[in-house]
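Comments concern the structure below.
Quick note: the coordinates plus some simple rules give every number you see, no bench work behind them. In this text the structure is predicted, and so the values were computed from the model without any measurement. Virtual Cβ from ideal backbone geometry, glycine too; neighbours counted across all protein chains shown.
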Amino acid sequence: MAIEQINVKALTYIKPNVKRLYVGLLLLGAIILLPKKTQAQWKEHEIKGGWVYHFARYVTWPEDVFKKNVIVLGILGDDPFRGVLDELVANRKAGGRTIEIRRGNTIRELKGSHILFVGRSEEYRMNETLGEILKYRSYGVLTIGDGIEGFCEKGGIINFNRERPTFNINMQAATEAGLYFDPKLWKMAEQIIPNNPNPPKGPGK
């Protein structure tokens, strides 16, 4: 698929909050979404899918977390992407690695993920979910919340905002997970969120 060129006129037809993410993707190099669509036709879930793919491209993991040359992207609970993310990662690589998508309803099912996208269906048990992540392995795991209240404050790394498709980053949590963010990425975050001084603990701790 050819990389789309910037179309400034088309941006005027995109909702302002959606435009922020769209422009950010363009500044990272290109937005690679569905074929045969104009910028004005792209939806919020497509732009979010584009960002998740670019998170994989612009985050560096410790080498020792990879058993194979594959980035495992786990989706916990609700999947908001409607197939967009599967299409984005098909036959593409991030950091020289292929991306494998897995879906599940428990942390145990998604053990071994390098990216863990947490759907809104998990918000009601967020402390338990983040505690389970700490139990199984938080090192080398990029956690992404889908507009979940308090996600970054409680130790999650990236969280999309619910009312607008922008995102926040907890840089301290990213550092503790051994992840390096390209400055191009974190400079586009709406907020840099400090860690909760009392993060959730793993079960039994």
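Couplings 3J(HN,Hα) for segment 55-70, derived from phi with the Karplus relation 6.51 cos²θ - 1.76 cosθ + 1.60 (θ = phi - 60°), are 4, 4, 6, 10, 10, 10, 9, x, 4, 6, 8, 9, 8, 10, 7, 9 Hz, where x marks Gly and Pro. Under 5 Å from the amide H of residue 102 lie the amide H atoms of 73, 74, 75, each residue being 5 or more positions distant or on a separate chain, with H modelled from the backbone and absent for Pro and chain starts. Spin-label model, residue 60/residue 186: points 7 Å from Cα along the beta carbon direction are separated by 1.3 nm. In plain terms, the chain from residue 124 to residue 102 could stretch by 5.7 nm, reckoned as 0.36 nm per residue minus the Cα-Cα distance. Note that segment 101-113 has calculated 3J(HN,Hα) couplings of 9, 10, 10, x, 10, 9, 4, 4, 5, 10, 4, x, 6 Hz, one per residue in order, obtained from phi through the Karplus relation 6.51 cos²θ - 1.76 cosθ + 1.60 (θ = phi - 60°); glycine and proline are x.
Dimensions of segment 81-155 based on its C-alpha atoms, expressed as ranges along the principal axes with the largest first, amount to 36, 26, 22 Å.
Of the residues 45, 54, the one with the fewest other Cβ atoms within 10 Å heads the list, and the complete ranking is 45, 54.
By the beta-carbon count within 10 Å of each Cβ, the least crowded to most crowded order of 51, 186, fewest first, is 186, 51.
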